[in-house]
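These notes concern the structure reproduced below.
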Amino acid sequence: MLSEISEIIEGDTRILVPSASLTEKIPSKTPAFFNPVAKWNRDISVLAYKTFSTLKTMDCLSFADCLSGVGARGLRVGVEVPSVESVYMNDINPIALEFARKAAELNSIQGKCYFHRSEVCSFLQSNAHCSQRNRYDIVDLDPFGSPAPYLDCVLRAVNDRGMISITATDTAVLCGVYPKVCYRRYHGYPIRSEYTNEIGMRLLISLIAFTAARLDLNILPLFSHTNLHYMRTYVKISVSNSEANELYSKIGYVIHCFSCGHREIWDVESNPRICRVCSSKCSIGGPLWKEPLNEQGFLESMFQLIPTLGVFQRTPSLRRSMDNLLSTGIEEVQEPYYFHTDHIASKLKTSPLALSEIVDTLNRVGFMASKASLSPQGFKTNASLSQILNTLKRS
Ligand SMILES: [Zn+2]
């Protein structure tokens with residue numbers, strides 16, 4: 001059954017994958033799921049988990065991968081994050097688990113790997129191999145589509161002051177193509193604007209926050225990143241009634257005027273939604289998470305640990321990409337939306353301006369401005385759209 005196996009090296013880890021998964025474009029044709037394109041995503045996660053384990057100053061962390069496939073992420077955590085002493089991999093596909101089990105032996109980490117074949121919530125509730133404690137320190141959920149059906153189970157299965165990492169691949173829903181689906185899955189409305197992925201990320205986090213608060217849990221987003229195909233966030237979870245009570249102050253609405261481009265954040269939903277600049281009717285996004293998507297101290301710690309991972313030591317281009325991703329997040333101005341250079345250029349009726357030029361110009365005249373972490377052509381500023389346009393016209 002496992003005859004068509006290829007061995008690949010990712011980071012410092014040997015992974016066994018169905019040979020077809022390296023060539024087939026449709027994963028369902030392969031006997032077990034492995035996505036080679038997600039290597040960068042896994043590189044980031046190994047760095048994030050290593051950072052979390054360092055800050056937690058514990059050397060016996062447990063890690064649960066709810067939908068492990070052939071075990072690529074779990075195996076890498078087992079090999080590359082030494083303070084994780086137990087790795088629990090769960091998948092409903094027995095062939096995928098067999099790949100993971102054999103790869104654990106190849107990497108000589110079979111002693112700390114445990115394999116489950118269950119539906120996600122059954123796995124998280126069973127804790128069959130968790131004799132020391134009945135919850136996990138880190139729980140990863142990377143499903144096809146939305147994580148919404150599993151969030152309760154994930155939050156119930158994580159330790160106090162533990163971390164969850166959550167991926168959503170229903171980006172079309174979160175980015176406004178299907179607003180009714182977005183509302184029922186994430187309990188908030190998206191906005192199809194040039195910063196739609198940031199709104200989507202904030203809807204994802206607000207669902208995590210609301211679900212956690214219902215369980216007397218408080219959340220702190222540590223690091224969030226996205227591309228065309230997924231949104232992913234790392235969130236610290238703590239047990240605290242009093243902090244969960246503060247949720248109301250962390251949730252808000254973005255209103256956006258499609259006539260003039262003006263946008264602002266509201267604490268509460270109210271009518272009429274009239275643009276204060278041009279008096280047109282505005283669209284509304286949310287309720288959504290209006291607090292930061294990243295924790296500065298966590299990003300700085302991640303940044304410092306980049307050179308300690310083999311994958312970044314060996315590949316300078318990857319190290320530069322990681323440096324850029326994190327330094328942009330560290331320097332980012334804390335606003336819940338960004339502006340896009342193309343949008344600004346069309347407003348000014350000019351060719352697109354260089355991003356760094358816009359940021360420098362706004363900083364020079366006294367506004368706060370920075371690159372946006374979720375878009376290579378985006379910038380954040382405390383200036384309004386009209387202030388941006390006026391400043392750039394004069395420069
Ligand atoms: Zn307007």
Quiz item: Which trypsin sites (Lys or Arg not before Pro) in segment 183-288 pass both tests, a DSSP loop state and at most 16 other beta-carbon atoms within 10 Å?
Solution: 192, 273, 276
Quiz prompt | Gain upon complete extension [residue 265, residue 281; 0.36 nm per residue less C-alpha separation] | solution = 4.2 nm
Exercise. Return 230, 136 ranked ascending by Cβ neighbour count within 10 Å, so the fewest neighbours appear first.
Key: 230, 136
Quiz item: Once amide H atoms are built 1.01 Å from N in the peptide plane, which residues 5 or more positions from residue 353, or in another chain, come under 5 Å H to H?
Solution: 345
Exercise. Give me the angle, in degrees from 0 to 90, between the Cα long axis of helix 94-106 and the longest principal axis of the Cα atoms of the chain, rounded to the nearest 10.
Key: 80
Exercise. Could you go through segment 144-160 in sequence order and give the Karplus-derived ³J(HN,Hα) for each residue, using 6.51 cos²θ - 1.76 cosθ + 1.60 with θ = phi - 60°, rounded to whole Hz, and x for Gly and Pro?
Key: 6, x, 8, x, 3, x, 10, 4, 4, 5, 4, 5, 6, 9, 9, 5, 4
Self-check item: Once the Cα gyration tensor of segment 211-323 is diagonalised, semi-axes √(5λ) in Å
Solution: 35, 23, 10
Exercise. Kindly work out what percent of the DSSP beta bridges joining two residues of the chain are antiparallel, to the nearest 5.
Key: 70
Quiz item: Using the alpha carbon gyration tensor of segment 333-395, what are the three equivalent-ellipsoid semi-axes (square root of 5 times each eigenvalue), largest first, in whole Å?
Solution: 16, 14, 10
Exercise. Obtain the nm distance between the two label points defined at residue 323 and residue 274 by a simple spin-label model: each point lies 7 Å from its Cα along the Cα-to-C-beta direction.
Key: 5.3
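Between residue 23 and residue 60, take the C-beta separation as r, use R0 = 45 Å, and let me know the FRET efficiency to the nearest 0.05.
On the way: r = 40 Å, r/R0 = 0.89.
FRET efficiency, residue 23 to residue 60: 0.65.
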Exercise. Quick one: what are the phi-derived ³J(HN,Hα) couplings along segment 342-352, Karplus 6.51/-1.76/1.60 with θ = phi - 60°, whole Hz, x for glycine and proline?
Key: 5, 5, 5, 4, 5, 5, 7, 6, 10, 6, x
Quiz item: What ranking of 368, 89 emerges when the number of other C-beta atoms within 10 Å of each C-beta is taken as an exposure proxy, fewest first?
Solution: 368, 89
Quiz item: Relative contact order of segment 5-251: what whole-number percent is it, with Cα pairs under 8 angstrom and at least 6 residues apart?
Solution: 13
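With a ≥ b ≥ c taken as the square roots of the eigenvalues of the C-alpha gyration tensor of segment 145-295, please select rounded if a/c is under 1.5 and otherwise prolate if a/b is larger than b/c or oblate if it is not? Show your work: numbers first, answer last.
Numbers: a/c = 2.21, a/b = 1.58, b/c = 1.39.
Prolate is the answer for segment 145-295, as a/c is 1.5 or above and a/b outweighs b/c.
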Exercise. Return one number: the angle in degrees, 0 to 90 and rounded to the nearest 10, between the long axis of the Cα atoms of helix 196-214 and the longest principal axis of the Cα atoms of the chain.
Key: 60
Exercise. Could you name the lysines whose alpha carbon sits less than 20 Å from that of residue 290, not counting residues in the same chain fewer than 8 places away?
Key: 236, 250, 371, 380
Quiz prompt | Chain lengthening between residue 241 and residue 354 when straightened (0.36 nm per residue, less Cα-Cα) | solution = 36.0 nm
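Could you compute how fast the chain diffuses translationally, taking Rh as the Kirkwood radius over C-alpha pairs and applying Stokes-Einstein at 10 °C with viscosity 1.306 mPa s? Give it in µm² per second. Before the final figure, lay out each step's value.
On the way: Rh = 22.1 Å.
Translational diffusion coefficient: 72 µm²/s.
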Exercise. For helix 39-56, report the angle its Cα long axis makes with the longest principal axis of the Cα atoms of the chain; keep it between 0 and 90° and round to the nearest 10°.
Key: 90
Quiz item: Residue-wise, which Karplus ³J(HN,Hα) couplings in Hz belong to segment 64-75, taking 6.51 cos²θ - 1.76 cosθ + 1.60, θ = phi - 60°, and x for glycine or proline?
Solution: 10, 9, 5, 10, 7, x, 7, x, 3, 6, x, 4
Self-check item: Environment charge of residue 253, counting only residues whose C-beta is closer than 15 Å and scoring Lys/Arg +1, Asp/Glu -1
Solution: +1
Exercise. Could you line up 151, 299 from fewest to most neighbouring Cβ atoms inside 10 Å?
Key: 151, 299
Quiz item: Pick from 143, 292, 36: which residue has the top mean-square fluctuation in a GNM of the chain where Cα pairs under 10 Å get a spring?
Solution: 36
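Using a/c under 1.5 as the rounded threshold, could you call segment 263-335 rounded, prolate or oblate? The axes a ≥ b ≥ c are square roots of the C-alpha gyration tensor eigenvalues, and prolate needs a/b larger than b/c, oblate otherwise. Could you put the intermediate results ahead of the total?
Numbers: a/c = 4.37, a/b = 3.19, b/c = 1.37.
Verdict is prolate for segment 263-335.
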Practice problem: Enumerate the lysines that residue 349 could reach by cross-link, defined here as Cα to Cα under 17 Å, with residues fewer than 8 away along the same chain left out. | Solution: 393
Quiz item: What nm value, rounded to one decimal, do you get for the distance between residue 118 and residue 216 when each label is placed 7 Å out toward the C-beta?
Solution: 2.3
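Values quoted throughout were computed directly from the atomic coordinates according to the rules given, and no laboratory measurement underlies them. Quantities reported herein were computed from a predicted structural model and do not represent experimental measurements. As a convention, Cβ positions derive from the backbone with ideal geometry for all residues, glycine included, and neighbour counts pool all protein chains shown.
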